[in-house]
Structures are given as structure tokens and as C-alpha cells.
Amino acid sequence: MKIPERTRGYLAIVIAAVLFGVWPSLSKLVVNEVHPLVISFLILLIPSFALSPSLRRVRLARSDWKLVALSGFVGAVVGPIIYFYGLERTTASNAVFLSNSESLFTMLFAYAFLGERATRREYVALGGIAVGAFIVATQLRFGDVQFLQFLIGNLMLIGAAGAWGVSNTTSTVLLRRIPIVPLLALQLLFGAAAFVPIIAFSGTPFVVPLPILPVLILLAVSAVGVFSVLFFYAFRTIGAMRTGAVLPTSALWGILVALILFPNETLSGVQILGGALMVGALAVFYILRGPSKVEAAGETLKPEASDGPDSP
């Protein structure tokens, strides 16, 4: 039985959310051993080589190059730099929670600039996801000293999420005309090329300890390459707003991995409650999603080319 494209879009973002949840903990392991600029460069370079053969069959309009450059610069240069420098100044658990603010920026920009809308019932479910993410992230411990001491790093992570939200919005427009894999390859190559002079002029030591190399490669392939393909596929099939709504579930997987890799970081009952609210709201969101006719009227992304999990 063939799975409907819309259902495949939801499956894609759920799998992507798992990878997105693992991203902060793997990044924390790597950033403890490798300079943030070197990490940012390599996680772009490695998957770009794997995806670059797809560029042989793509043709871009002159107007699209500006958007590709914008999305590549903001998403593949500004975002990673702010993120990894911020990660040095906070915990893996905080990174897991705050990385999900990217979904809020994605939904906000989709509403403001792309004209995407949801049904009233879906907005209620979206609110449940947002409240759950807020509870998980803050534990309702406002003014806690432990939170305040990581304030700079946390704000940098939110800034990185905002940069990726801008890149997501720009990519949504480009995906109307450009297949997923070539677009991603262009963005990654643009970002990797931009880091060459940055690393050279900054005098950053290009050192990667051999024991941490497999973790860095895993980070680049899974949390950047595979995640981005699934993320863009969800954009094309269910829209940026719905994609952004599901992404916060990554906190559930992310905190489990963080607790395994960093056992000194504990998980409170309030966080468990918030996580349960996120999962329940996600289920309600999918069950109460609008009928296809309504969705078709509200979506801005209807792919003209067939690409994604069935045709890489």
C-alpha cells in the first residue's frame, strides 16, 4: 500500500526531529575538543561532497542565486558560528531545549512572510506544543541562578535558531522551483567556501583529534545531511508552519541522549510533564488536521518536481 505524500511528509519531519534532538549532545561532545569554526566548516563540507553530484542536472534562474546566497550565508555561516560559540557557554540540556526555538521562528516567519495558515483546531494543538516546549525548557524556574549563569550562551543559541528560521523561510521559496538535494548542496557548498577565508584569516588551528573524528562525521552526515533532506521534504509536502510545529518533539529524544552522554544533568518531573504535553499535542495536531481541500488552499508549497525520500 502506497503511503500518501502528506503522511510521508509527517513521517519525514518526525524522523528529522529525532536527528535534530541528537544534534546538541553530539555537538557538545565535539565542541569540547574542536574549535567552533573548524566544526562549522567540516559539518558543511562533508555532506556537501556527498550531495554535489546532484548539481549536474540543476539550472538556476539569475534571481534565485541571490536567495541561495542569502539562505547559505545566514543558515550555513551565521547560524553555525553563533550556535557553536553559544554551545561552549551552556549545557547540552539547555541546547536541546533552546534549539527548538527554531521551530517557533519558522512558524512565525511562515505566517508573516509566506502566508501559511492552519485551521482553528490546529492552532489549539500548536499552542499545546508551544506550551509543552516552554515548560520543558524553563522548568518554570524563573530567575534560577543556574539558568542565569548560562544566559549569554542561551541567548546565542536562540540567535542561531533565528538565523536558521530566516534560512528556512528563504529555502521554502526556493523549493518551489529547485529540487531538494541540489538546493541543499548549493547551500552547504556556499557555507563551506565562506569558512575557508574566515578560518585562514582568523588563524584558527585546524586540529581534529582522531578519537573525536567519528563523532564529527556522524554529526555532519546525520544531523546536517540527512536531517536537512528530510526537513526540506517536509517543507514541500506539509508546509513550513506544520513542519515547524512538529520539530519541538526533538526535545524528547534530545534530552534522553543528553542524559546518557552527560549523566550529571538531571531531568525534572516538570520537564517530563512538558514533554508529555508536547507528544499529546502533536497527536492531536495530526488527528485534527484540516481536510485536504482546506490544506491545499492554505499551503504555499506544492512541489513541481518529484524529489524526496522516493527520488533522492
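The values are calculated or read from the model by the stated rules, or taken from the named source; none is laboratory data. No experiment lies behind these values; they were computed from the predicted model shown. Here Cβ is always computed from backbone atoms with ideal geometry, including for glycine, and neighbour counts include all displayed protein chains. Note: accessible area is taken over every heavy atom of the protein model, side chains too, but ligands, DNA and RNA are not part of it. Shrake-Rupley method; radii C 1.70, N 1.55, O 1.52, S 1.80 Å.
Scanning region 1-15 for residues that are open to solvent by 50 Å² or more (accessible area, probe 1.4 Å), out of contact with any Ser or Thr (no Cβ under 8 Å at 6 or more places or on another chain) and either among the charged types (D, E, K, R) or within 22 Å of SER250 (Cα to Cα) (or both) yields LYS2, LEU11, ILE15.
If you go through region 170-187 and pick out every residue that is open to solvent by 10 Å² or more (accessible area, probe 1.4 Å) and at pLDDT 90 or above, you end up with 5. Kindly establish whether GLY128 is open to solvent by less than 20 Å² (accessible area, probe 1.4 Å), more than 30 Å from LEU184 (Cα to Cα), of a type outside the set (A, V, I, L, M) and modelled with pLDDT of 70 or more. It is true that GLY128 is open to solvent by less than 20 Å² (accessible area, probe 1.4 Å), more than 30 Å from LEU184 (Cα to Cα), of a type outside the set (A, V, I, L, M) and modelled with pLDDT of 70 or more. The residues in region 21-49 that are in contact with a Ser or Thr (Cβ under 8 Å, 6 or more places away or on another chain), open to solvent by less than 10 Å² (accessible area, probe 1.4 Å) and closer than 14 Å to ILE255 by Cα can be counted, and the count is 2. Does TYR83 qualify as being open to solvent by 40 Å² or more (accessible area, probe 1.4 Å) and either assigned to a helix (DSSP H, G or I) or modelled with pLDDT under 95 (or both)? So TYR83 fails the test.
LEU42 meets the conditions (1) in contact (Cβ under 8 Å) with a residue 60 or more places away in the chain; (2) more than 15 Å from LEU189 (Cα to Cα) in every case but one. The failed one is (2).
Taking the condition more than 15 Å from the chain's Cα centre (by Cα), among the hydrophobic types (A, V, I, L, M, F, W, C), open to solvent by 10 Å² or more (accessible area, probe 1.4 Å) and over 30 Å from ASN32 (Cα atoms), does ALA69 pass? Here the answer is yes, as ALA69 does meet what is asked.
Among the residues making up region 94-122, those that are in contact with a helix residue (DSSP H, G or I) (Cβ under 7 Å, 6 or more places away or on another chain), more than 17 Å from ASN168 (Cβ to Cβ), open to solvent by 10 Å² or more (accessible area, probe 1.4 Å) and part of a helix (DSSP H, G or I) are ASN94, PHE97. Of the residues examined, THR204 is one that is among the β-branched types (Val, Ile, Thr) and surrounded by fewer than 22 Cβ atoms within 10 Å (Cβ to Cβ).
Reported count of residues in region 33-66, each being among the acidic types (Asp, Glu) and in a helix (DSSP H, G or I), is 1.
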